[in-house]
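Single-structure report; data block below.
The values are calculated or read from the model by the stated rules, or taken from the named source; none is laboratory data. Just so you know, these numbers come straight off a predicted model, no measurement behind them. Cβ: placed from backbone, ideal geometry, glycine included. Neighbour counts: every protein chain shown. Quick note on the areas: whole protein, heavy atoms, side chains included, nothing else; ligands and nucleic acids left out. Shrake-Rupley method; radii C 1.70, N 1.55, O 1.52, S 1.80 Å.
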Amino acid sequence: MGRVKITPISGFPEYLPAERIVEQHFLDVIRETFELHGFPSIETRAVEPVERLLGKGGDADKEIYGVSRLAGDDAGSRDAELGLHFDLTVPFARYVLENAGHLAFPFRRHQIQKVWRGERPQEGRYREFTQADIDVVDVGELAPHFEAEIPLVMAEVFSKLPIGQLVIQVNNRKIPEGFYLGIGVTDVIGTLRIVDKLDKIGPAKVADLLVEAGLTREQADQCLALAAIRTEDLSFVDRVRALGVSHPTLDEGLEALSRVIGTGMANAPGALVADLRIARGLDYYTGTVYETQLVGHESWGSFCSGGRYDSLASDGRTTYPGVGISIGVSRLLGLLLGQKLLTASRSTPACVLVAVTDEDSRATSTRVATELRARGIPCEVAPKPAKFGKQIRYAERRGMPYVWFPGAGEPADGATDQVKDIRSGEQVDADATTWQPPADDLHPQILRAES
């Protein structure tokens, strides 16, 4: 065969073993925390009918990957009408409708899967990436306390990950909606879309755009005053009231957001803030909305977001309202690993390398490894009976902290083996049925870069 030239494909990240250890740690923490809160796991198929993915039009077709066979049956049976899902919400909506008769409501689920989106690759944005979602859906009506529960789950996830402080920014769509109506603005969606540009273009340009859209200068200033309110406690209510606007929808929104922030203050102090400029999913969300930023890296934007929706799915007779939130796992990891802010202490799960004196004694080394593994100690048997110095270097390059030497101990002590900590050089007698490494050495550690 001739030489094969390997051409990387951008937007499809592949990690080296040490990076993959970091990723798996994140996925384990996320899954375990979701399950701790009683969210069972589901997995949906990778493909959906293209017409379902496209929804009600728009330019989503530019980002959807179609699925078809390269050759085969006649045109009538081709799979070209199928596309890879670009999020986990569309397939979840279909799953609820399809399985409603077998699900117990309110239905909670977590889902950690790959999704595909044909966008321009850049740091933190990929064409293939992993998302981790939780949602609660009910039939007809959804109790409001779920809107406070969902961000608490994420606050707990983030408290367990070595990524520094995160803030979940929370708003309620009814607050700006009621406020705008209260000051005489009728185009609520259009106004929200303009205010949503605050972070990108600043308040002066947003005010100009609002005036161009038909608002008076006074109305524009009031919209900006509302968007500027951000508090870690319930004082946002008084600050909104001080603007002198009243409307029933505004009252509903303030009450709902107060419940969420109050629950956060009681159960995850400092993790949730009321931020009245958050307005994601303008046409989709109907109540509480969430966005999450990493403190010190706000320029990265949000990597965990979601909210309340009154109609996840409907079969024409029954409507399923819900609330959910999604972590962009690949986005977060891509930024943390790309900026070298996280690393793993070693590139292998193995804690111990069991040395091999010669091939005739490999069976002895394998027995030692079997004893260690039976007690949950990850280990590897040396691939070659090289000089011990080379075997130690083999372990060192992979970050394994210990090398085990069968038959090197003093029989009089009852321990016929020795184990060496290759970091300190200390070598002691050891018995494979009782020896235990320190807890921090048992599995790879995730290390944060010193700031």
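Listing for the model above:
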item	result
Complete set of residues in region 314-342 that are more than 23 Å from GLN122 (Cβ to Cβ), open to solvent by 10 Å² or more (accessible area, probe 1.4 Å) and not charged (D, E, K, R)	SER314, GLY316, THR318, THR319, TYR320
Any pair with Cβ under 6 angstrom, 6 or more apart, that starts in region 218-244 at a residue that is without any contact (Cβ under 8 Å) to a residue 12 or more places away in the chain and ends at one that is open to solvent by less than 30 Å² (accessible area, probe 1.4 Å)	ARG239/ILE229
Selection within region 87-126 - aliphatic (A, V, I, L, M), open to solvent by less than 30 Å² (accessible area, probe 1.4 Å) and over 17 Å from ILE9 (Cβ atoms)	LEU88, ALA93, VAL96, ALA100
Test: PHE129 is surrounded by 20 or more Cβ atoms within 10 Å (Cβ to Cβ), more than 22 Å from ARG230 (Cα to Cα) and not β-branched (Val, Ile, Thr)	yes
Qualifying position, being part of a loop (DSSP other than H, G, I, E, B), under 30 Å from GLU128 (Cα atoms) and not small (Gly, Ala, Ser), among THR292, THR286	THR286
Meets criteria (open to solvent by 80 Å² or more (accessible area, probe 1.4 Å) and either part of a loop (DSSP other than H, G, I, E, B) or modelled with pLDDT of 95 or more (or both)) for SER246	yes
Of residues in region 92-143 being β-branched (Val, Ile, Thr) and over 14 Å from the mean Cα position of the chain (by Cα), the one nearest to VAL50 (Cα to Cα)	VAL96
Selected residue [assigned to a strand (DSSP E or B) and more than 26 Å from GLN293 (Cα to Cα)] from GLY83, GLY101	GLY83
